[in-house]
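Student: Attaching a single structure in structure tokens format; questions to follow.
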Amino acid sequence: MPVLSYILTALGAYLLGSIPTGFLAAKAKGIDIRSVGSGNIGATNAMRVLGKPAGIAVLLMDALKGFGAVWLCQVWLCYSIPPQLLGAPLAGFETHSIIAGIFAVLGHNYTCWLKFKGGKGIATTAGVYLALAPWALLVGLVVFILAVLITRYVSVGSIAAAIALPATVWIMSPNNLLLGIVTTALGALAIYKHKSNLRRLMAGTENRLGQKKETK
């Protein structure tokens, strides 16, 4: 299989994922989101700093980056690359799609436009798995919602989903070794990106969902 097609897939997905939507939304209002709230450019901090409408818009756009990277890769494979260059069509198609998903998340988490500092990748990962493994994503989403409802911590929901998603992929697709390994790695990355949240949780200083509004 041509190495060039892998490189182009990774580069294109990274650049799409690297669009710092939360930063741009805040910048449009004259705010540097990196200096307020948690300092993160993701949807949770955008919602806290910019309000629900802007936060939801950032959430959807971050998810769209992940879904779009995989979907555009698949369209490109279907219409631009001769079938004989893909070797075994199913294997080549799936491998390229997974690579697109990986690099979309890496682009969001380590965007080249902000000195390789970005978000935590939860929404972008959700978009990727909407394209790659929608049923596993559904399980992860249910776990996320339940964890947030029970604890009132978005970070706990995100970490719980980062554990549930790879576990579900291994259960539902036990023969897809590549997808299982990649999903586990992305889950571990998501948990690592929440290290500051974990410290605040242990210190009892993590913000609960809706806490800011209640203290006004």
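The values are calculated or read from the model by the stated rules, or taken from the named source; none is laboratory data. What you are looking at is a predicted structure, and each value in this text was computed from that prediction instead of being measured. Quick reminder, even Gly has a Cβ in these numbers, built from the backbone with ideal geometry, and neighbours come from all protein chains shown.
Student: Answer with yes or no whether residue 160 is among the small types (Gly, Ala, Ser) and crowded, with 18+ Cβ neighbours inside 10 Å.
Tutor: So residue 160 fits the description; yes.
Student: Now a separate question. Kindly indicate which of 41, 31, 98, 102 is surrounded by fewer than 17 Cβ atoms within 10 Å (Cβ to Cβ) and at pLDDT 95 or above.
Tutor: Only one candidate passes the filter, namely 31.
Student: If a residue must be closer than 24 Å to residue 202 by Cβ and among the aromatic types (Phe, Trp, Tyr), how many such residues does the stretch 138-190 contain?
Tutor: Qualifying residue count, the stretch 138-190: 2.
Student: Related question: For the stretch 138-148, check the following and say yes or no: at least one residue is closer than 14 Å to residue 64 by Cα and within 16 Å of the chain's Cα centre (by Cα).
Tutor: No: the stretch 138-148 contains no residue that is closer than 14 Å to residue 64 by Cα and within 16 Å of the chain's Cα centre (by Cα).
Student: Right, something else. Does residue 180 satisfy the criteria of being at pLDDT below 95 and of a type in the set (Gly, Ala, Ser)?
Tutor: So residue 180 does not fit the description; no.
Student: Can you list the helices (runs of 4 or more DSSP H) lying wholly within the stretch 84-190 that have 3 or more residues being more than 26 Å from residue 45 (Cβ to Cβ), among the β-branched types (Val, Ile, Thr) and assigned by TED's automatic domain parsing to the domain that holds residue 9?
Tutor: Counting at least 3 such residues, we get 89-109.
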